[in-house]
1. Using per-residue counts of other Cβ atoms within 10 Å, averaged over each peptide, order 139-150, 84-95 from highest down.
2. Using +1 on the beta carbon of Lys and Arg, -1 on that of Asp and Glu, and nothing else charged, what's the dipole of region 65-341 about the Cα centre, debye to 20?
3. Please compute the modelled spin-label separation between Ala357 and Ala72, points set 7 Å along Cα→Cβ, answer in nm with one decimal.
4. How much length, in nm to one decimal, is gained on full extension between Trp293 and Asp365, taken as 0.36 nm per residue of separation minus their Cα-Cα distance?
5. Set the Förster distance to 25 Å, then compute FRET efficiency between Thr170 and Arg250 from the Cβ-Cβ distance, nearest 0.05.
6. Under 1.5 on a/c is rounded, so check that first for region 84-179, then, if it is not, pick prolate when a/b is larger than b/c and oblate when it is not; a ≥ b ≥ c are the square roots of the alpha carbon gyration tensor eigenvalues.
7. Pull out a ≥ b ≥ c, the square roots of the eigenvalues of the alpha-carbon gyration tensor of region 65-341, then state rounded if a/c is under 1.5, prolate if not and a/b is larger than b/c, and oblate in the remaining case.
8. Could you rank the peptides 235-248, 177-190, 270-283 by their average count of other C-beta atoms within 10 Å per residue, with the highest value first?
Amino acid sequence: MSVTDFDADRPPEQPRRRRRGGTGRRRRDLTQLGMGDGTREGVVIEDVEVERSTQYDSYYGRAVVKAPPWRAPIAAYLFLGGIAAGSSMLAFGALCTDRPLLRRNARLTALGTVGLGTLALIEDLGRPERFLNMMRTVKVTSPMSLGTWIVSGFGAASGVLGAIEVDRMTGRALPLGLLRRALGAAEMPAALGQVALAPALASYTGALLGNTIVPTWEAGRGHLSYLFVSSASLAAGGSAMLTTPVQETRPARLLAVAGVVGDVVSMHRMKQSMHPLEAEPLETGRAGALLAWAERLAIGGGIGAVLGGRSRWLAAASGAALVAASALTRFGVLEAGLESVKDPRRVVEPQKQRLAARRAAGITDDSITTAG
């Protein structure tokens, strides 16, 4: 018998008395319960009925799938990371085509947004050391593990390039000494590293959401990365249109228009690939309203990007619309996923339909389907 400190709180127990003929008494009790002489299985408790609100609900009114604890900071991280990735692509293009204002503004935008996005991620994690703990290992099969290293590497390169641009803006008045020479030598390697990590930074968050069991996200796993890359492109183009004179924004406007086309097409194709119940949160409720406005703003901003090659005010208004459209897309997709877990039908019905389709196709010998 084990003894712990909690035993002191228990009331004293009276010594047990062994009764004569205990075996026979037990067998009589088991016989009354329908177990015969006690050598066979039988029901030892009465049937318990549990109410369920619908035929698909789990017991006690619980949802079939538990929603991840992701809220506004994660949506902000998705949005800011996209702007950072797209801005770095613009900055590299500006470097190669001798557009100094676009290069400077895009680099500073990438540095600011990746910094704010990292803070939003840490805020969602709750404690800063949790972010550092995620870097203790590298797991190539985990989008979250790889994403941590992508953000860290991208942030380091952005810091180098941002320091170079700040030094140039101040007329090299900062007392950097030998550090200025080191920064100059590191500019091209940092720019190459940043632009190499940009596509992964823009797309891995879509893979991260699709790697969950949340119905709407899981159903859209083949399209979310494309949607997020397109959203990042239009946001970065819009940001550059806001901050840069129109004489140097032609690459930004082209990137924004391409992003708008990709965003609208990816969203519609994703919905078409889903079961109606899985796509429902993307079209109804608060998430549906956010995504509807995102599409309107994206199309309006794209038209403004085409027509705003000479007007500073039109370019700035279009850029603001594009940035807002990207933000609404990220918040809408996050909200739709969290909403999709609340109705058990969105978990059960699509799975039943896919299972029936596999059986109808004659696939009955794998680990998913069985005959009958």
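Each value in this text was obtained by applying a stated rule to the coordinates, not by laboratory testing. Because the structure is predicted, anything quoted here is derived from the model rather than measured. Note that we place each Cβ from the backbone using ideal geometry, even for glycine, and neighbour counts take in every protein chain shown.
1. 84-95, 139-150
2. Result for region 65-341 is approximately 680 debye, rounded to the nearest 20.
3. If labels sit at Ala72 and Ala357, their model points lie 3.8 nm apart.
4. Between Trp293 and Asp365, full extension yields an extra 21.3 nm.
5. Once the sixth-power term is evaluated, E becomes 0.35.
6. Since a/c reaches 1.5 and a/b is larger than b/c, the shape of region 84-179 is classed as prolate.
7. oblate
8. 235-248, 270-283, 177-190
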